[in-house]
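In what follows, a structure is listed as structure tokens, so that the remarks can point back to it.
Only the coordinates and a few stated rules stand behind these numbers; no lab work does. Predicted model, so just to flag it, every value in this text is computed and none were measured. Neighbour counts run over all protein chains shown; Cβ positions are idealised from the backbone, glycine included.
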Amino acid sequence: MNEMTVGPPTRRVLLGTTLAVGSVATLAACGGGSKTDPLPSATGTPNDAGPVSALPVGGSASLSVGGHDYLFYRPDEATVLAYTSICTHQGCTVGVTKALFKCPCHGSEYSHSDGSVIQGPAPKPLTRYAAEIKDGKIVLYL
Ligand code: FES
């Protein structure tokens with residue numbers, strides 16, 4: 001089992017959550033792109049998703065946590081973003097490319113930065129999860 005024991009969410013997680021939610025709200029208010037789910041707070045159970053070395057800055061990866069695949073993107077040294085790998089079209093497993101997340105079944109494409117739909121037929125963005133980098137590991141809150 002990949003679970004690890006971690007204390008309460010750090011200020012970085014909470015700040016990142018606040019900024020991300022604010023960005024999503026701003027995007028929604030502008031009416032641009034597809035509406036994304038708000039970034040959940042890091043109040044779920046922390047899970048070890050592996051060493052941060054598996055996710056270089058600017059990179060994305062599909063990592064297994066608890067027997068399920070999750071998609072990760074690391075926009076900078078201190079931030080990691082996490083999403084479900086379940087396509088919102090018909091439930092295929094979404095994969096990663098250098099520039100975006102892509103479903104192999106019917107070609108839906110999703111943004112690395114917020115999970116929004118870039119190209120359909122997916123009707124909704126990918127579900128987001130709180131995540132952080134802590135002690136050299138990627139921590140996913142489920
Ligand atoms: S199941 Fe992903 S595009 Fe259809």
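Distance between the 7 Å Cα→Cβ label points at residue 79 and residue 54: 2.2 nm. Close amide-amide hydrogen proximity is noted between residue 59 and 74, each under 5 Å apart and 5 or more residues distant or on a separate chain (H modeled in the peptide plane; Pro and chain starts excluded).
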